[in-house]
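Novice: Okay, here's the structure, questions in a sec.
The values are calculated or read from the model by the stated rules, or taken from the named source; none is laboratory data. These figures come from a predicted structure and were not determined experimentally. Neighbour counts are summed over all protein chains in view; Cβ atoms, including those assigned to glycine, are modelled from backbone coordinates with ideal geometry.
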Amino acid sequence: MRKQFRDTVLDIGKTDVRIVMVFGDVSVYLFKDFQALYPSRFYNIGICENTLISLGAGLSSQGFVPFIHTINPFITERSYEQVKLDLCYNGFGANILSCGASFDYAWDGATHHAYTDMAILRLLPQTEIIQPGSRHELDVLLRSQYADGKVTYFRLSDHPHEVDMPVKFGQAVVLKEGHSKVTVMTAGPLLANVLEACRDLDANIVYFHTIKPIDHAAISRFRHTKIVVVHDAFGLFEAVCEVPDVRASYYGLPDKFCSWYGTLQDIRKKIGLDAFAIREHVLRKIQES
């Protein structure tokens, strides 16, 4: 997905001279062409995440459109105060693009795990929270939102799904709808596991790439059903529960730190977010309904 980030920015950067890249010594090698073409618009500041946000705010105040990029927990959890005050409070628009979603860096342990980012950033006024699940989603949403003057957070993953679907900011996608009493709602790359788990189950499936603003109409459409939010992070469930009169439950992360190491697939299996475990949970919900 980072390669799509590179390709999209390289394309729009040809005509939009306001675009400035602010990097934290991550993914720099991917953007060597941008740096060669526009050396005055590329800053690799190093491993100082708070400064990345503050610098981005300063650039935004002068009319530039910053793209701020580094590893997820360091640019979201560590730099939350700077995002809150330097960007949001001052009304300076910027694009924050993280890498290392959820357990993408499974082998690096809890310091690099990231699952609270969307939940905390969506609480800040006038933010936009986007969890693209595929390269196509990222391309469309980056082009549509990058210059809208808001703080827009893009949660990138190195494990995208391959599902083709229409993409429009703020609109959920109903992938499966019948007469089921159970609706599974999910977001991001985990969609691949959800589709495999539910392929022959009597369950509606609704997919979100935009976490804020959440698509209230799509959620309300299924409020007569039991909604199961299957997600490998926090933020989507809380957004779904903002819609009045919904019956929603969360299936995802346990209430404890992940202290295991391995691959993303290893961790998903350990915590029950592999296709088999998701299927078992949804099947129980169907049987209970």
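Novice: When you go through 59, 85, 30 one by one, which is the residue that is free of Cβ contacts under 8 Å to residues at least 12 places away in the same chain and either within 18 Å of residue 127 (Cβ to Cβ) or more than 20 Å from the chain's Cα centre (by Cα) (or both)?
Specialist: 85
Novice: With the checklist (1) crowded, with 22+ Cβ neighbours inside 10 Å; (2) under 15 Å from the mean Cα position of the chain (by Cα); (3) in contact (Cβ under 8 Å) with a residue 60 or more places away in the chain in hand, flag the one item residue 139 doesn't pass.
Specialist: (1)
Novice: Just the residues that are exposed (fewer than 12 other Cβ atoms within 10 Å of the Cβ), under 21 Å from the mean Cα position of the chain (by Cα) and without any contact (Cβ under 8 Å) to a residue 60 or more places away in the chain, please, taken from region 251-260.
Specialist: The answer is 254, 255.
Novice: Sort through 126, 145 and tell me the only one that's touching a helix residue (DSSP H, G or I) at 6+ places or on another chain (Cβ under 8 Å) and either touching a residue at least 24 places away in the same chain (Cβ under 8 Å) or basic (Lys, Arg) (or both).
Specialist: 126
Novice: Residues that are at pLDDT below 95 and either outside the structural domain of residue 100 (by TED's automatic domain parsing) or not polar (S, T, N, Q) (or both): does region 202-214 have at least one?
Specialist: No, the conditions are met nowhere in region 202-214.
Novice: So, residue 34, is that one aromatic (Phe, Trp, Tyr) and surrounded by 21 or more Cβ atoms within 10 Å (Cβ to Cβ) or not? Walk me through how you get there before you give the answer.
Specialist: Values: aromatic (Phe, Trp, Tyr): yes; surrounded by 21 or more Cβ atoms within 10 Å (Cβ to Cβ): no.
When the stated conditions are applied, residue 34 does not pass them.
Novice: A further question on this structure: Report those strands (runs of 3 or more DSSP E) wholly inside region 143-193 carrying at least 1 residues which are closer than 17 Å to residue 6 by Cα and under 15 Å from the mean Cα position of the chain (by Cα).
Specialist: Qualifying strands (runs of 3 or more DSSP E): 151-155.
Novice: Still on this structure: From the set of residues in region 261-289 that are in a loop (DSSP other than H, G, I, E, B) and in contact (Cβ under 8 Å) with a residue 40 or more places away in the chain, which is farthest from residue 116 (Cα to Cα)? Don't jump to the end; show me each part of the working.
Specialist: Kept after step one, since they are in a loop (DSSP other than H, G, I, E, B), are these residues of region 261-289: 261-263, 272-274, 289.
If we keep only those that are in contact (Cβ under 8 Å) with a residue 40 or more places away in the chain as well, we get 261-263, 273-274, 289.
Numbers: 261: 19, 262: 21, 263: 20, 273: 17, 274: 20, 289: 31 Å.
The residue in question is 289.
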